[in-house]
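Heads up: the structure comes next, in structure tokens.
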Amino acid sequence: MEQKDQSQIRHKFWESISLREMNQNEWEALCDRCGQCCLHKLEDEETGEVYTTRVVCRLFDNHKCCCRNYAQRAQLVPACKPLSCEATDVFFYLPETCAYRILSEGRLLAWWHPLISGNQSTVHEAGISIKDKAISENLVNMDHLEDFVDESF
Ligand code: SF4
Ligand code: SF4
């Protein structure tokens, strides 16, 4: 019998299998590359509420809307924790538009997700991504991150 290549991206995998059942290629394809998870967040210790700022990680390329060194991100930025289906408790920290959070909550991917539209640019056209909108942490005083809380993100 022919062995199935486990690295293959299965047709409409996001509709038929769980996050845990995805192989590495499917897991990576699920990311819409919006960049929102690269923004610094502040958490109110009393209420647990999370506030998003428009300040982004120093490795983020604002114009290309991607990490400058995705392969070595964990070594270069220790605070950057690669997502995994083993740690779904951190998903609440992700934006409501994030595909991992959407699927973990039983919702459907929107029209602008590249897997649905077949086009990476729709995540920018729909205003979901942070392309050209954020400010690098290299350019701000990180002791005053609260000044950069931005509800539009
Ligand atoms: S918020 Fe989610 S979909 Fe957007 S870049 Fe981060 S992991 Fe990918
Ligand atoms: S290291 Fe890369 S992936 Fe991680 S937060 Fe920074 S820009 Fe984003």
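Readers should treat all values here as calculations from the given coordinates under stated rules, not as data from a laboratory. Keep in mind the model is a prediction, meaning the values are calculated, not measured. Don't worry about glycine lacking a Cβ; one is built from the backbone with ideal geometry, like all the others, and counts go over all protein chains shown.
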Fill in: Residue satisfying condition, being away from ligand 2 (no atom under 14 Å from the Cβ) and aliphatic (A, V, I, L, M), within set LEU76, LEU30
LEU30
Worksheet item: Among GLU96, GLU146, which is the only one that is among the charged types (D, E, K, R) and in contact with a Leu (Cβ under 8 Å, 6 or more places away or on another chain)?
Response: GLU146
Discussion item. For the list (1) loosely packed, with under 14 Cβ neighbours inside 10 Å; (2) within 11 Å of ligand 2 (Cβ to nearest atom); (3) over 16 Å from the mean Cα position of the chain (by Cα), I need the number of the one condition that ARG20 fails.
Written reply: (2)
Worksheet item: Can VAL123 be described as of a type outside the set (Phe, Trp, Tyr), free of Cβ contacts under 8 Å to residues at least 60 places away in the same chain and within 16 Å of ligand 2 (Cβ to nearest atom)?
Response: no
Discussion item. Please determine whether any residue of the range 106-116 is in contact with a Phe, Trp or Tyr (Cβ under 7 Å, 6 or more places away or on another chain), closer than 24 Å to GLU15 by Cα and either among the β-branched types (Val, Ile, Thr) or within 16 Å of ligand 1 (Cβ to nearest atom) (or both).
Written reply: yes
Worksheet entry | Subset of the range 98-137 (residues that are surrounded by 19 or more Cβ atoms within 10 Å (Cβ to Cβ) and in a loop (DSSP other than H, G, I, E, B)) | CYS98, TRP112, HIS113, ILE128, SER129, ILE130, LYS131, ALA134
Worksheet item: Taking CYS85 and the conditions (1) over 23 Å from LYS131 (Cβ atoms); (2) surrounded by 12 or more Cβ atoms within 10 Å (Cβ to Cβ); (3) within 10 Å of ligand 2 (Cβ to nearest atom), which numbered condition does it fall short on, given that it satisfies the others?
Response: (3)
Worksheet item: Out of the residues in the range 44-86 that are assigned to a helix (DSSP H, G or I) and within 16 Å of ligand 1 (Cβ to nearest atom), which is nearest to GLN120 (Cα to Cα)?
Response: TYR70
Fill in: Lone unmet requirement of (1) part of a helix (DSSP H, G or I); (2) surrounded by 13 or more Cβ atoms within 10 Å (Cβ to Cβ); (3) charged (D, E, K, R) for ARG33
(1)
Fill in: Residues of the range 15-30 that turn out to be more than 16 Å from VAL90 (Cβ to Cβ) and either in a helix (DSSP H, G or I) or away from ligand 1 (no atom under 14 Å from the Cβ) (or both), as a count
11
Worksheet item: In the range 76-95, is there at least one residue being of a type in the set (D, E, K, R) and touching a residue at least 12 places away in the same chain (Cβ under 8 Å)?
Response: no
